[in-house]
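To start, the structure under review is shown below, and the notes come after it.
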2 protein chains.
Amino acid sequence: MDLDFAKLNGLLPAVIQDHATGRVLMVGFMNDEAFRKTVETGFATFYSRSRNKLWLKGESSGHRLVVKEISTDCDTDCVLVKVDAQGPGVCHEGYQSCFFRTLQGDGQWVVTEERTYAPNAVYGGSK
Amino acid sequence: MDLDFAKLNGLLPAVIQDHATGRVLMVGFMNDEAFRKTVETGFATFYSRSRNKLWLKGESSGHRLVVKEISTDCDTDCVLVKVDAQGPGVCHEGYQSCFFRTLQGDGQWVVTEERTYAPNAVYGGSK
C-alpha cells in the first residue's frame, strides 16, 4: 500500500464520499498510521492536525464512517474513501456534510441547507 | 471570500466533482490566486506544487473544468468544486477520473476501469 505521504510532510488528503448518494461529506488528512487503521478497522480514521494525534471519526459523536471502498489517484498522494455514514450528519456543526456553504455570485459564502441534528446535544459544550 | 490558506502554507485542497454524475474526478491544490482565477474565469485553476506556478486545468489537453458550483467546509480550509468536465477524461493517464485504482482485500491497488482516451495523442511524448 505504497501511498505517497511525502508531499505533505507525512499526510495526504482523504476525501470522504457517501457511498449511496455520492455526496462529498468531508475532507480529512491521514498519515500512514491513520490510513492503516482505516483499512484494518473498516472505520475512517484521520490524523488531526490541530491535536497532533490519530482521530477515529465518531469517537465522540458515535457518527462513524464505515468504509465501503477506497481508491487512490494517479499520483497516489490522495485517497477517496466511499463510506456508509452512521448517524444524522458528519459535520460537528450539525450538518449532513461539512460542505454546507456555497459561494454566491456576490462572492459571499452562504449556508445553503438545514442542520440535520443539534450539535450541542451530541458534542456538548457551547460549540 | 476569506478561506483559510494558512494550514497548508498558502494552499488548500480542492475536490473536483462531476456536477452531473457525482463522481470525484481529481483533487488539486489552490492558492488564493488560483482560487480567485477559478471564480473569475469559471475554469478550475490550480497551483502546481511540482512546477510552482498556476495551472489552468486543460491548458495542454483542452480538457477544461467548467465550474458549476463551489462550496467550502466548516473550517473553510477546503473547497468542493462541482464541474462540467470537458473532454473524455480528467486524468493525464487517460482515465475519466484520477481515482482509477481501487484497494483490494489483499492490500493491492488495482486499476478497476478502462481508459477513456489515449494520453499520448493528447499530451504527446511518452508519458
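The values are calculated or read from the model by the stated rules, or taken from the named source; none is laboratory data. No experiment lies behind these values; they were computed from the predicted model shown. When we count neighbours, we look across all protein chains shown, and the Cβ atoms used for this are built from the backbone with ideal geometry, even at glycine. Remember, those area values only see protein heavy atoms, side chains included, never the ligands or the DNA or RNA. Shrake-Rupley method; radii C 1.70, N 1.55, O 1.52, S 1.80 Å.
Below is a table of values for the structure above.
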read-out	value
For B:Leu25, distant residues with modelled amide H under 5 Å away	B:Ile16, B:Gln17, B:Asp18
Inter-copy spacing of B:Arg51 label points, which lie 7 Å from Cα along Cα→Cβ, given in nm from shortest upward	4.0
Rh (Kirkwood; distinct C-alpha pairs) - chain B, Å	15.3 Å
The stretch B:8-25 versus the stretch A:1-68: alpha-carbon centroid distance in Å	16 Å
Over chain B, relative contact order from alpha-carbon pairs under 8 Å, at least 6 apart, %	21 percent
Antiparallel bridges, percent of DSSP beta bridges restricted to the protein assembly as shown (to nearest 5)	85 percent
In sequence order, calculated HN-Hα J values of the stretch B:53-66 (Karplus, 6.51, -1.76, 1.60; Hz; x Gly/Pro)	7, 5, 9, 6, 4, x, 5, 8, 8, x, 7, 7, 10, 8
In the B-A interface, the accessible area buried, summed over both sides, Å² (probe 1.4 Å)	3000 Å²
Residues whose placed amide H lies under 5 Å from that of B:Arg64, excluding near-sequence neighbours	B:Gln86
Distant-in-sequence amide H partners of B:Phe46 (H built 1.01 Å from N, under 5 Å)	B:Trp55, B:Leu56, B:Lys57
Closest Cβ on chain A to the rotation axis that carries it onto B (distance rounded to whole Å)	A:Gly22, 2
Sum of -39500 (n - 2.57) over DSSP H runs of 4+, divided by residues of chain B (222 nm, nearest 500)	-3000 deg cm²/dmol
Shielding of B:87-96 by partner chains, average beta-carbon count, 10 Å	1
Ranked order, B:Lys37, B:Lys68 - accessible area, probe 1.4 Å, largest first	B:Lys68, B:Lys37
Table column - 3J(HN,Hα) (Hz), the stretch B:88-100, Karplus curve with 6.51, -1.76, 1.60, x for Gly and Pro	x, x, 8, 7, 5, 8, x, 9, 4, 10, 5, 8, 9
Inter-copy label distances at B:Thr112 (7 Å, Cα→Cβ; nm, one decimal)	2.8
Neighbourhood net charge (14 Å Cβ-Cβ; Lys/Arg +1, Asp/Glu -1) for A:Arg64	0
Relative contact order of the stretch B:1-53, defined on C-alpha pairs under 8 angstrom at six or more residues apart (%)	26 percent
Other copies of A:Gln86: label-to-label distances in nm, shortest first, labels 7 Å along the beta-carbon direction	4.6
Gyration tensor verdict on the protein assembly as shown (Cα atoms; rounded if a/c is under 1.5, prolate if a/b is larger than b/c, oblate otherwise)	oblate
Unsatisfied cross-links (Cα-Cα over 28 Å) in the set A:Lys53/B:Lys37; A:Lys53/A:Lys82; A:Lys37/B:Lys7	A:Lys53/B:Lys37
Average accessible area per residue (Å²) across chain A - probe 1.4 Å, nucleic acids and ligands excluded	47 Å²
For the stretch A:58-117, Kirkwood radius (reciprocal of mean inverse C-alpha pair distance, Å)	13.5 Å
Karplus (6.51, -1.76, 1.60) ³J(HN,Hα), θ = phi - 60°, over the stretch A:104-121, in Hz, Gly and Pro reported as x	9, x, 8, x, 8, 8, 10, 5, 10, 8, 8, 5, 9, 7, 8, x, 4, 5
Largest-first ordering by accessible area, 1.4 Å probe, given options A:Lys57, A:Lys7	A:Lys7, A:Lys57
